[in-house]
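Contents: one structure, followed by commentary.
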Amino acid sequence: MRLSHLFTKTTKNVPADETARNAQLLIQAGFIHKEMAGVYAYMPLGLRVLEKIKNIVREEMNTVGGQEVLMTTLQPRDIWEKTDRWDDAKVDNWFKTKLASGAELGVGLTHEEPIVDASGNYVHSYKDLPFFTYQIANKFRNELRAKSGLLRGREFLMKDMYSFARSQEEHEQMYERAVEAYHKVYERLGIGDRTYRTYADGGIFTPRFSDEFQTLSDVGEDKIFVDETKKIAINEEIMTDDNLAKLGLNRGELVEKRGVEVGNTFHLESKYTDALDVYYVNEQGERRSIIMGCYGIGVSRLMGVVAELFSDDKGLVWPEAVAPARVYLVRIGGDDAIRHADELYEDLKASGIEVLYDDRDERPGAKFADSELMGIPYRITVSDRLIEAEKYEFTPRNSGETTELTRSELFAKLG
């Protein structure tokens, strides 16, 4: 992409109504646009980041056998009444609406009921099980405190997956496979070393412990206690001697930390399948309950977490796996610099390297500042000064150390 064609612009001004570092930087860099508190639109470069995170999540869910679907945002009242979750006293952060006829509808908060209702058309025999199904779609929650930028929103992008198993043993195996897939997602995003499987309250989903995946951060809303040897943690909300004993944790070995929840998994048992009358018939012709699990990852929240953790006083510092481009190409000088930069731009694209080409008629300082604010992993500078020597300036964003490389050395660096 040529920067002269990009309709968004960077700004030096920090948004007055944003206190969260992730939102400040993403807005300044032109990655997102704030519609209202807790609601953000994704601009071209921000959408690239979001899509790359989605694809990492998608690939790992597919690896464990997940089948992708796309469920509806509008949900009928009756299926939620069957599971006793329509009442606001049971689930208090609903958005609800009405049809012209007066019929009430729910606006996509979570999808246990709809996915079970849909699966009931296809699941009848033991031969139809087990399976995982998932979607990546917008969710809507009537948060009382929409704050912290992308970390807590009223509209957000989420991956929710559901497992359907024939027995408790089969469910437990599927559950642990999903947990392992989560760890792989976080490793690929560069946050695996600071993300802990954390035991927590099952809330509206299950009477069992749930598993949260908490990424250590000073901006985290949750207080967790980490066993650094076992690489697991417990949420403060269930920090009792009885629960510590159940989990085999020693209070004296736990370290208090703050975390941002970047995923969660729940044991649903047969609560939703039984309530919606979805069963299977086993080999003996007997009707049996289907055991479920559900698995959520906040995709847009992950974008905010990565922006918080990978940034400095100059701007964003995206990991290569999710950066909107790998190279920020700067040209400085006259006709020769333009010609050489244009040729390098085409060659980089032909080599499969994503490049953002700063071809604007701007001062060098402004171009360098934008490259740092946008957080592109590598900056390459084509200048009149180096053309005669047939060299380019190469500057990794994470170190800021500039070296002069020949063309062959440059392409070798980029692999």
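The values are calculated or read from the model by the stated rules, or taken from the named source; none is laboratory data. Treat the numbers as computed from the prediction; the structure is a model and nothing was measured. Here Cβ is always computed from backbone atoms with ideal geometry, including for glycine, and neighbour counts include all displayed protein chains.
Here are Lys52, Lys34: which of them is within 22 Å of Ala321 (Cα to Cα), assigned by TED's automatic domain parsing to the domain that holds Gly120 and basic (Lys, Arg)? Please lay out each step first, then the result.
Numbers: Lys34 fails: within 22 Å of Ala321 (Cα to Cα).
None of the other options fit; the residue is Lys52.
When the test is whether a residue is closer than 23 Å to Pro114 by Cβ, of a type in the set (Ser, Thr, Tyr), free of Cβ contacts under 8 Å to residues at least 24 places away in the same chain and assigned by TED's automatic domain parsing to the domain that holds Glu170, Tyr279 passes it. Would you say Leu3 is under 23 Å from the mean Cα position of the chain (by Cα), among the aliphatic types (A, V, I, L, M) and buried (at least 19 other Cβ atoms within 10 Å of the Cβ)? Considered against the rule, which asks whether it is under 23 Å from the mean Cα position of the chain (by Cα), among the aliphatic types (A, V, I, L, M) and buried (at least 19 other Cβ atoms within 10 Å of the Cβ), Leu3 comes out as no. From the set of residues in segment 141-189 that are in a loop (DSSP other than H, G, I, E, B) and touching a Leu at 6+ places or on another chain (Cβ under 8 Å), which is surrounded by the most Cβ atoms within 10 Å (Cβ to Cβ)? Applying the filter and picking the extreme gives Leu189. Contact map, segment 64-79: residues that are on the phi < 0 side of the Ramachandran plot paired with residues that are of a type in the set (A, V, I, L, M) and modelled with pLDDT of 95 or more, Cβ distance under 7 Å, separation 6+ or inter-chain. Pairs shown: Val64/Ala178; Val64/Ala181; Gly66/Met161; Leu70/Ala137; Met71/Ile115; Met71/Ala137; Ile79/Leu276. Out of segment 60-91, which residues are part of a helix (DSSP H, G or I) and either of a type outside the set (Lys, Arg) or loosely packed, with under 15 Cβ neighbours inside 10 Å (or both)? The answer is Glu60, Met61, Asn62, Thr63, Arg77, Asp78, Ile79, Trp80, Glu81.
Filtering segment 10-22 for residues that are in contact with a helix residue (DSSP H, G or I) (Cβ under 7 Å, 6 or more places away or on another chain), in a helix (DSSP H, G or I), under 24 Å from Tyr186 (Cβ atoms) and touching a residue at least 12 places away in the same chain (Cβ under 8 Å) leaves a non-empty set. Go through the residues of segment 102-114 one by one and say whether even a single one is among the β-branched types (Val, Ile, Thr), modelled with pLDDT of 95 or more, touching a strand residue (DSSP E or B) at 6+ places or on another chain (Cβ under 8 Å) and closer than 26 Å to Ser300 by Cβ. No - not one qualifying residue is present in segment 102-114.
Given the residues Asp211, Asp222, which is the only one that is closer than 20 Å to Glu172 by Cα, within 22 Å of the chain's Cα centre (by Cα) and without any contact (Cβ under 8 Å) to a residue 60 or more places away in the chain?
Numbers: Asp222 fails: closer than 20 Å to Glu172 by Cα.
Every option except Asp211 fails the conditions.
Exposed (fewer than 15 other Cβ atoms within 10 Å of the Cβ) and out of contact with any strand residue (DSSP E or B) (no Cβ under 6 Å at 6 or more places or on another chain): is that true of Gly334 in this structure? Quick ask: steps written out before the conclusion?
On the way: exposed (fewer than 15 other Cβ atoms within 10 Å of the Cβ): yes; out of contact with any strand residue (DSSP E or B) (no Cβ under 6 Å at 6 or more places or on another chain): yes.
So Gly334 fits the description; yes.
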